[in-house]
């Protein structure tokens, strides 16, 4: 079964929706690392949510979703770009005993210090432009609730999410109320009625039903009485954006003194990508070359430039 994201719109209404199923991408993520069932469910739900939110990106770039935890899970990261290319990883205490049914609070918000962040990172930035990042506390007992609260507070968008993941697939349903775009002659009360009706219908969806039913069947079961406009489906894929150049830039950020010290102690630097497992090796010559370009640029900027 191919990964699919299906966008749809309730006709003459302020409600839009999306359904996503990610069997291939999710299995690829799991093939790179073994996760306890509770962490697997959490990461899979974030993967589905990232695909749903990224489908509405208005720029060429990436949406990065992070949960910083204070429990047995230290970090969960999911990234999805405007082409719906996804990658995901989680860091957790290897010696922690994690119950199969452990929830969000027990995993990442044990002491109430967990944080949730969404970063919008354009690929081609304008001069002086920085990535936008919003950071909030983990307000909710599920990934869906945390994101819903974030979207309402940060984006002022009424958003509802239903998410589920098991060993076979990660899936999700998103409903969103479009601000200021009611049908012809509709009042605010009518808009609210449309929204409340759509949410009520979606709330009949069971977790096992979401995981075991294809998108077309699900849409018919939930909204068979509604007039819905269905768009051309899109097909997410797994894709890691790591590269030797990006790893080199990360090393440069540590500074030459720290890198030289590490090379003197270890002989070389070995880095594995947390997302895809790709291995990168930098020896003393490689590390020297990282800073050689910067030294040349600095010299060129000096009065008189480089001398023969």
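The values are calculated or read from the model by the stated rules, or taken from the named source; none is laboratory data. Quick caveat, the model's predicted, so the values are computed rather than measured. With ideal geometry, Cβ positions are generated from the backbone for all residues, glycine too; neighbour counts draw on all protein chains shown.
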Please verify whether residue 117 is more than 12 Å from the chain's Cα centre (by Cα) and modelled with pLDDT of 90 or more, treating the condition exactly as stated. no
Can you pull out every residue in the stretch 111-133 that is surrounded by 15 or more Cβ atoms within 10 Å (Cβ to Cβ) and within 19 Å of residue 38 (Cα to Cα)? 114, 115, 116
Check off (1) part of a strand (DSSP E or B); (2) under 19 Å from residue 171 (Cβ atoms) for residue 53 and give me the number that stays unchecked. (1)
Tell me whether the stretch 73-86 contains one or more residues that are crowded, with 18+ Cβ neighbours inside 10 Å, at positive phi and outside any strand (DSSP E or B). yes
Looking only at the stretch 262-283, filter to residues that are surrounded by 12 or more Cβ atoms within 10 Å (Cβ to Cβ) and either on the phi > 0 side of the Ramachandran plot or in a helix (DSSP H, G or I) (or both); which one of those is farthest from the chain's Cα centre (by Cα)? 263
Inspect all residues belonging to the stretch 189-196 and state whether any of them is closer than 12 Å to residue 8 by Cβ and either touching a residue at least 40 places away in the same chain (Cβ under 8 Å) or surrounded by 13 or more Cβ atoms within 10 Å (Cβ to Cβ) (or both). no
Does residue 102 qualify as being surrounded by 14 or more Cβ atoms within 10 Å (Cβ to Cβ) and either farther than 17 Å from residue 41 by Cα or assigned by TED's automatic domain parsing to the domain that holds residue 44 (or both)? yes
Test: residue 47 is assigned to a strand (DSSP E or B) and either buried (at least 24 other Cβ atoms within 10 Å of the Cβ) or assigned by TED's automatic domain parsing to the domain that holds residue 158 (or both): no
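A quick yes/no check of all residues on (1) in contact with a helix residue (DSSP H, G or I) (Cβ under 9 Å, 6 or more places away or on another chain); (2) closer than 25 Å to residue 47 by Cα:
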site	(1), (2)
195	no, no
206	no, yes
223	yes, yes
247	no, yes
Conditions (1) in a strand (DSSP E or B); (2) at pLDDT below 90; number of the one not met by residue 94: (1)
Which of the residues spanning the stretch 1-14 are part of a strand (DSSP E or B) and surrounded by 23 or more Cβ atoms within 10 Å (Cβ to Cβ)? 5
Of the residues that make up the stretch 81-100, is at least one touching a helix residue (DSSP H, G or I) at 6+ places or on another chain (Cβ under 9 Å) and farther than 21 Å from residue 170 by Cα? no
In the stretch 232-250, which residues are in a helix (DSSP H, G or I) and without any contact (Cβ under 8 Å) to a residue 40 or more places away in the chain? 244, 245, 246, 247, 249, 250
Selection status of residue 227, farther than 15 Å from residue 4 by Cβ and out of contact with any strand residue (DSSP E or B) (no Cβ under 6 Å at 6 or more places or on another chain): yes
